[in-house]
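Every number here is computed from the coordinates shown, using simple stated rules; none is lab data. Keep in mind the model is a prediction, meaning the values are calculated, not measured. Here the Cβ positions follow ideal geometry from the backbone for every residue, glycine too, while neighbour counts run over all protein chains shown.
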Amino acid sequence: MAYIGKGLVGVLNESKAVDTMTGDGSDTTLTLSRTPGSVNNVEVYMDGVFQTPGVEYTLSGNTVSFSTAPETGTEIIALIGNDSTIITPSNNSISGTKIAGAVVTDAKIAGMAANKLSGALPAVDGSALTNIPSSITKNASDPATDSNPAGGVGTMWANTTSGEMFVLTDATTDENVWTNVGGGDGDVQPWTFPGTISGYSSGGQISSSNYNIIDKFSFSSDGDATDVGDLSTATRQGSSNSSSTNGYNTGGVKAGIVVDIDKFSFITDGNGTDIADLTLARRYMAGQSYETHGYTSGGNAGVDVIDKFTFAADNDATDVGNLSVSRAYCGGQSSPTHGYTCGGVGSNVIDKFSFSSDGDATDVGDLSITMEHGVGQSSFTNGYNSGGKSSAANVINKFSFSSDNNATDIGNLTVGRYSLAGQSSTVSGYTSGGYTTYNIIDKFSFSSDGDATDVGNLTVGRELSGGQQV
């Protein structure tokens, strides 16, 4: 007949020990040859009659105690099994078929080699994920400073064209900072006028002779300038502008007063080219710069025009507004949002006009003295006007971008001079050259008010040159 029941997984073969004794009518104990662990693991027979465990005998360790001493001559046989043991399987002896499905818990998995994760993985359901941004914006282009997400800092932006990722690290409306975390180096942040690499002095004159020199000096270490190129034509008395990639010299005097806009590269040293025109020929005006456009304001012969030209294309300027007072020999400053025109012949006025919308300038304050032939510098938070043609030609004036107020005198240049060029790094203001043949490069701190120091020289001393920075 076939076996009925569960399939056998194995047979445990266990031998039993046999201990015997002969009763003497007084001895009530039998010492066993092994310790069975339980009285039920010992079978005791007296003259072939099975005795009841726990009733007719008990067990302590390996000693059997009888409730009554066996009579003399009684043959006693004890069959002894083993105590319970835990059998440990041999290494590599458990096969997959011996483990039931869906019984291995997370707590039983200590780790997993990375190569075990290869191959196709199932789709991930992100509904249960936590501590991640609420949304990721997908767009074919990089974010812009005026990309204003509702999620605030930590919001992510994926460029579906390049595959690069950006995280919003500073949420300021229309001036947001997006940090590239996708392996690229193109962080998106508001444009700032101050440079981080080099200052430039372009053009100028010596004793009425025009120069076309483009000088360049380092912001990271003090030292002399080097000649890195030439303007398209020797020019003096123009204004200057800076984009993130190019320097510009506008207007001024060549063979006569001109409308020319000259452009030279910050990326590679080289010569400038004449790429466009102002709306009218003039000289002695101020220059301002924004992320996308350059501006020239004021000029000789009572000009109050504010011209604007684009950095993205080489196009002529357009007239977008007027200063509050017509004037020449004025200084120019640039905040992140506004352009400023300071001083000029017979004037101490600080004019302010918007970069975001075309329109006229407004008078928002005064320099500490009437100043002409001065030059402008700009930090992130303040405008500066330094030098000039007056009894205090070495003065450094400072005014705030955040509130409309008068300027204060906060220090002096190393040498009083006028018709000089101005440059701005993120930490310092610079003046270079000046009337008549100064080659001095002066430097003063934006973080603390005080006098300038002489940190280097231009390649040629000259006046009425333009100042740029990158």
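Treating only the Cβ of Lys, Arg, Asp and Glu as charged (+1, +1, -1, -1), what charge dipole size does the chain show about its Cα centre? Round to the nearest 20 debye.
720 debye
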What number, in percent, do you get for the relative contact order of the range 132-190 if the mean sequence gap of Cα pairs under 8 Å and at least 6 apart is divided by its residue count?
30 percent
Cross-link reach from K352 to aspartates and glutamates, straight Cα distance under 18 Å and at least 8 residues apart if same chain, gives E291, D304, D307, D319, D360, D363, D366, E372, D404
Along the Cα→Cβ direction, 7 angstrom out, place labels at V18 and E56. What is the inter-label distance in nm?
1.9 nm
Please list, in order along the range 453-464, the HN-Hα scalar couplings obtained from phi with the Karplus expression 6.51 cos²θ - 1.76 cosθ + 1.60 (θ = phi - 60°), rounded to whole Hz, x for Gly and Pro.
10, 7, 10, x, 9, 6, 5, 9, x, 6, 10, 6
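Which three numbers, in whole Å and largest first, are the semi-axes of the equivalent ellipsoid of the range 132-190 derived from its Cα gyration tensor as √(5λ)?
On the way: eigenvalues 49, 32, 20 Å².
Square roots of five times the eigenvalues give 16, 13, 10 Å.
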Rg and Dmax [Cα atoms of the range 329-470; Å; Rg one decimal, Dmax integer]:
13.8, 40
Charge dipole (the chain, unit charges on Cβ, about Cα centre) - positive-most of N241, T426, F353:
N241
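Where does the longest stretch of the chain lie that holds no trypsin sites (Lys or Arg not before Pro) found in a DSSP loop with 14 or fewer other Cβ atoms within 10 Å?
Values: sites that count: K6, K16.
Free of exposed loop sites, the longest segment is 17-470.
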Farthest toward the dipole's positive end in the chain, which of G186, S402, A281, given Cβ charges of +1 (Lys, Arg) and -1 (Asp, Glu) about the Cα centre?
A281
Once amide H atoms are placed 1.01 Å from N in the peptide plane, what residues at a sequence separation of 5 or more from V181, or on another chain, have their amide H within under 5 Å of its amide H?
M165, F166, V167
Provide the convex hull volume over Cα atoms per residue for the range 17-80, in Å³.
65 Å³
Expressed as a rounded percentage, what relative contact order does the chain have, with Cα pairs under 8 Å and six or more residues apart?
10 percent
For K98 and V153, FRET efficiency with R0 = 45 Å and r from the beta-carbon atoms, rounded to 0.05?
0.25
Above 24 Å lies some portion of the pair distances; for the range 198-469, what is it as a whole percent of all C-alpha pairs?
38 percent
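Can you tell me the relative contact order of the range 198-469? Whole percent, Cα pairs under 8 Å, sequence separation 6 or more.
Details: 929 pairs, mean separation 43.4, N = 272.
Relative contact order of the range 198-469: 16 percent.
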